Ligand SMILES: Nc1ncnc2c1ncn2[C@@H]1O[C@H](COP(=O)(O)OP(=O)(O)OP(=O)(O)O)[C@@H](O)[C@H]1O
Ligand SMILES: [Mg+2]
Ligand SMILES: [Zn+2]
């Protein structure tokens, strides 16, 4: 175990704790006063031996996995894995971020020092309480085994350092929930009211924010210092979904972006062309128009930033990072059928979905460094490889794929509303590639719904061989969004318009 800038734990403390565990005291982590004294100033390592009553059988099985073989580790213990322990009196630092399943915070030990891994400060990641009761609980021990056995073999050194930490009796969960509740109004609306779960375990994760004092940058970049900044994005589906229509002109991610844009129109949200890179541009060496246009989608507002040329060159290097190729191959190898045909018991499909939902963190320098030949990112790591449960999620994934197909989000050339045609605001590699699809253009006909009605996908109509998809949504709002960038997208030619003529009898 790497201990940086913090002394290795003295053996006696750890064995005293093991003795406490052996004689069955309820809380082996903080029960004796001698341990308490030690804990109050430093963090220490605790060796799990395999007979701790506070660790459930299932958790213990996952913990033992690494020493599995003859069932005993070298010293005769059943498990013998060491974990850092957060002592009582640890202080919560700044809130770093939260998602649907986890929250991440800075913290420091009672004496004010921090924990490090290879000179990088560690943050604390803890699991949130599931919002719906039927959601599978987020088990960190299982997650860690998954990380070690399924993820690291694929991405090796590109994986963000993450280690289990014992937080039992540290009081840190109470402090985190206190913070979240006090600051509820400042949180993203979708996370308001959510809290973290009581747990004995958390993760220590390598801090990917650049080192040094954080300075305000742009609203879309949360972490920057005077010299460097953190670019963060989800690479998503790096190749087309195997169950997408063969005549698709959009990849799975661009189709999904268009779906959200049409089904939840919002003038405040960036258009799909600005929001995220088309994943098909990542980890590909072949040059095309979309690749050169995609840098600003890794870093929105790139053109308006200082040193945009240098930043753009760095993002080009990032986009071609070999790890994206590894990630893409692993996504493809583990899912050859797509969500429409996947099986609930297929663990490989579930792995592919995890690999499609990870996060890429890249630290880049804000200025060119004359001593370095090319504009390399300073550090690239992939994290957030959360296990997915297909028995819980497959119906949802399948439902999304069906809606993407039925609404024409993969295939429609045009959106049609109130007598006007609009080019969907996506710039997918497939859409812009030179080998355009043959045959008649396809149209998604937008119909307006009342404000209190849920958006839906209607049935598809075929007129003289031309497919017309029907989507019911807040069309008035959507039209405002589409009008906002219509000038950039020329309408159909007279000839195209003749062929596209939509009958007013279009089925809803
Ligand atoms: N190692 C890290 N360094 C810097 N920031 C981080 C790190 N890990 C997480 N964050 C920040 O915290 C946020 C939430 O973290 P995390 O991805 O762990 O939550 P999540 O619930 O798994 O998210 P999602 O819902 O996207 O799966 C991230 O979007 C990121 O901004
Ligand atoms: Mg996650
Ligand atoms: Zn795409």
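The values are calculated or read from the model by the stated rules, or taken from the named source; none is laboratory data. Model, not experiment: these values are computed from the prediction. As a convention, Cβ positions derive from the backbone with ideal geometry for all residues, glycine included, and neighbour counts pool all protein chains shown.
Being surrounded by fewer than 18 Cβ atoms within 10 Å (Cβ to Cβ), under 31 Å from the mean Cα position of the chain (by Cα) and either modelled with pLDDT of 95 or more or assigned to a loop (DSSP other than H, G, I, E, B) (or both) is a property that holds for residue 453. Taken as a whole, the condition of being out of contact with any strand residue (DSSP E or B) (no Cβ under 9 Å at 6 or more places or on another chain), at pLDDT 70 or above and either assigned by TED's automatic domain parsing to the domain that holds residue 132 or within 16 Å of ligand 2 (Cβ to nearest atom) (or both) applies to residue 89. Within the range 133-155, does at least one residue satisfy the condition of being in contact with a helix residue (DSSP H, G or I) (Cβ under 7 Å, 6 or more places away or on another chain) and crowded, with 22+ Cβ neighbours inside 10 Å? Looking for residues that are in contact with a helix residue (DSSP H, G or I) (Cβ under 7 Å, 6 or more places away or on another chain) and crowded, with 22+ Cβ neighbours inside 10 Å, one finds none in the range 133-155, hence no. Would you call residue 356 touching a helix residue (DSSP H, G or I) at 6+ places or on another chain (Cβ under 8 Å) and either within 16 Å of ligand 3 (Cβ to nearest atom) or in the same structural domain as residue 159 (by TED's automatic domain parsing) (or both)? So residue 356 passes the test. More than 16 Å from ligand 1 (Cβ to nearest atom), outside the structural domain of residue 139 (by TED's automatic domain parsing), part of a loop (DSSP other than H, G, I, E, B) and under 22 Å from the mean Cα position of the chain (by Cα): is that true of residue 339 in this structure? Yes: the conditions hold for residue 339. Please specify each residue of the range 375-393 satisfying the condition of being in contact with a helix residue (DSSP H, G or I) (Cβ under 6 Å, 6 or more places away or on another chain) and touching a residue at least 60 places away in the same chain (Cβ under 8 Å). Hits for the range 375-393 are 375, 376, 377, 382, 385, 387. Among the residues of the range 219-229, at least one is modelled with pLDDT of 85 or more and outside any helix (DSSP H, G or I). Would you call residue 400 within 30 Å of residue 140 (Cβ to Cβ), away from ligand 2 (no atom under 16 Å from the Cβ) and in contact (Cβ under 8 Å) with a residue 40 or more places away in the chain? Judged against the criteria, residue 400 is a match. Of everything in the range 387-414 that is in contact with a strand residue (DSSP E or B) (Cβ under 8 Å, 6 or more places away or on another chain) and either surrounded by fewer than 20 Cβ atoms within 10 Å (Cβ to Cβ) or in the same structural domain as residue 344 (by TED's automatic domain parsing) (or both), the residue that is nearest to residue 444 (Cα to Cα) is 406.
All of (1) in contact with a strand residue (DSSP E or B) (Cβ under 9 Å, 6 or more places away or on another chain); (2) farther than 27 Å from residue 210 by Cβ; (3) within 15 Å of ligand 1 (Cβ to nearest atom) hold for residue 146 with one exception: (1). Filtering the range 261-282 to residues that are within 14 Å of ligand 3 (Cβ to nearest atom) and modelled with pLDDT of 90 or more leaves only 261. Scanning the range 317-342 for residues that are out of contact with any helix residue (DSSP H, G or I) (no Cβ under 6 Å at 6 or more places or on another chain) and without any contact (Cβ under 8 Å) to a residue 24 or more places away in the chain turns up 329, 333.
Return yes when residue 106 is in a strand (DSSP E or B) and either over 19 Å from residue 386 (Cα atoms) or within 16 Å of ligand 2 (Cβ to nearest atom) (or both) and no when it is not. So residue 106 passes the test. Going by the conditions given, is residue 311 buried (at least 17 other Cβ atoms within 10 Å of the Cβ), farther than 17 Å from residue 380 by Cα, at pLDDT 75 or above and touching a helix residue (DSSP H, G or I) at 6+ places or on another chain (Cβ under 9 Å)? For residue 311, the condition - buried (at least 17 other Cβ atoms within 10 Å of the Cβ), farther than 17 Å from residue 380 by Cα, at pLDDT 75 or above and touching a helix residue (DSSP H, G or I) at 6+ places or on another chain (Cβ under 9 Å) - is not met.
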